[in-house]
Amino acid sequence: MHLLTLGLNHRTAPVALREQAAFTPDQLAGAVQSLASSAELSETAILSTCNRTEIYCHQTTDTPDRVFHWLCDYGGLTEADLRTSVYTLPDEQAVEHTFRVASGLDSMVLGEPQILGQMKQAFFTAHQAGTTGKILNRLFQQTFKVAKQVRTDTTIGANPVSVAFAAVDLARHIFTQLSEQTVLLIGAGETNELVARHLVENGVERMMIANRSLERAKSLAARVACEAITLDDMPSRLAQADIVVTSTASRVPILGKGAMESALRTRRHRPMFIIDLAVPRDVEPEVADLKDVFLYTVDDLENIVTTNRASRQEAAAEAAKIIDLQVVRFMQWLHALDNEPTIRALRSKIDIVQSTELVFARQRLLAGDDPDTVLTQFAHSLSRKFVHGPSHALKQADEDGNSTLADAARLLFDLDR
């Protein structure tokens, strides 16, 4: 049995490559089914966020080549580009990495909780698509338990920090008084909801939420007491925004250089601060060339993240101890599965011997033989046939000078007691 995690993240790949390898929520079910159609892969799931794309597999071979080539083909990536940024983690390393990701230890912002929900959704999508089984089901269920234990037993989740928090923290450093700024959020997903809540906590009162679905925008706006608009309305309202935070699942940019130039003219070139948290990017890279625009992507948050990470290193060390123990336990369970065919074969053989002896005993009872004699002979014959094979093997081992088998027999049959 071979577990494999193959992926790329904010540490190994730039945002331009990550957005090529990213999957939208609508693509995931088809993607895992496409990947699972390979004869080498029995189970698979895909996690795709703004900071990482990771493929979790249970496969019959110990090589990552099949998964690597699939990702290249599916994402239209060149092997040369991907080869320099991808990581492949087999078996025990794959389990440890999965636990660390779910616990927030591998996130850009150490200990951020958002990744756990994203991983649960990734597992749910794969499970619904029929691409998970005994191994990945157990792996992900154990992963969720480990992440919960880490947050319960350590302070890794104290003072919640996320990419959303880092974005707001960056804005707070740019504008001394956030409460005086007008904010436009593009996208009404979980990330922007966290951004909105952090902004409200920092005193922001003028805020708009633009989304393709107006109903979803209204739903979020109701929770944070702000205005909801559609994406069609967004260009006409763009000039009102001092701060723009965008996080959508669009495959193409939503904010282009032309729209920004128009907004800046209306604003008489008062500066605009834009944070693009989306992968693929929502804002055309050329927008950064505009004189009065300060554009940041998720990669630009690394400096803030570094500061936050320093305060959580002690908790992370405690979390790592929990994870190490749980990795050992999971691998023990996984290795035990290798013995299942032997256990099934042993039980099958015993069942056959038992059935044969029962048939013979019933025949003797029907013939009128003494029941006590029949039961005694049944028990005697059953026990002799059960020990015949092991006894013969132990005698042969003794003749060969092999004491290992005798030690194993004592352990298996609890003879020392």
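Taken together, the values in this text are just the output of simple stated rules run on the coordinates, not laboratory data. Predicted model only: the values in this text are computed from it and were never measured. Glycine also receives a Cβ, built like all others from the backbone with ideal geometry; neighbour counts cover every protein chain displayed.
Below are the figures for this structure:
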quantity	calculated
Wholly enclosed helices (runs of 4 or more DSSP H) of region 144-249 bearing at least 2 residues basic (Lys, Arg) and farther than 18 Å from LEU110 by Cα	214-224
Any hit, region 287-303, residues being of a type in the set (Gly, Ala, Ser) and within 23 Å of ASN192 (Cβ to Cβ)	yes
Residue in region 104-119 that is more than 21 Å from ARG18 (Cα to Cα), in contact with a helix residue (DSSP H, G or I) (Cβ under 9 Å, 6 or more places away or on another chain) and surrounded by fewer than 16 Cβ atoms within 10 Å (Cβ to Cβ) present	no
Residue check, ALA222 within 32 Å of the chain's Cα centre (by Cα) and farther than 26 Å from ASN51 by Cα	yes
Region 248-270: number of residues that are touching a residue at least 40 places away in the same chain (Cβ under 8 Å) and among the aliphatic types (A, V, I, L, M)	3
Unmet criterion (only one of (1) within 24 Å of SER48 (Cα to Cα); (2) surrounded by fewer than 23 Cβ atoms within 10 Å (Cβ to Cβ)) for ALA210	(2)
Looking only at region 1-16, and only at residues there that are hydrophobic (A, V, I, L, M, F, W, C) and crowded, with 21+ Cβ neighbours inside 10 Å, the one that is farthest from ALA336 (Cα to Cα)	VAL15
Subset tally (residues that are exposed (fewer than 10 other Cβ atoms within 10 Å of the Cβ) and of a type outside the set (Gly, Ala, Ser)) for region 360-387	2
Condition met for GLU201 (closer than 25 Å to VAL252 by Cβ and free of Cβ contacts under 8 Å to residues at least 12 places away in the same chain)	no
In region 277-299, residue nearest to PRO25 (Cα to Cα) [restricted to those that are assigned to a helix (DSSP H, G or I) and of a type in the set (D, E, K, R)]	ASP299
Hits in region 321-336 (condition: among the aliphatic types (A, V, I, L, M) and surrounded by fewer than 17 Cβ atoms within 10 Å (Cβ to Cβ))	LEU325, VAL328, MET331, ALA336
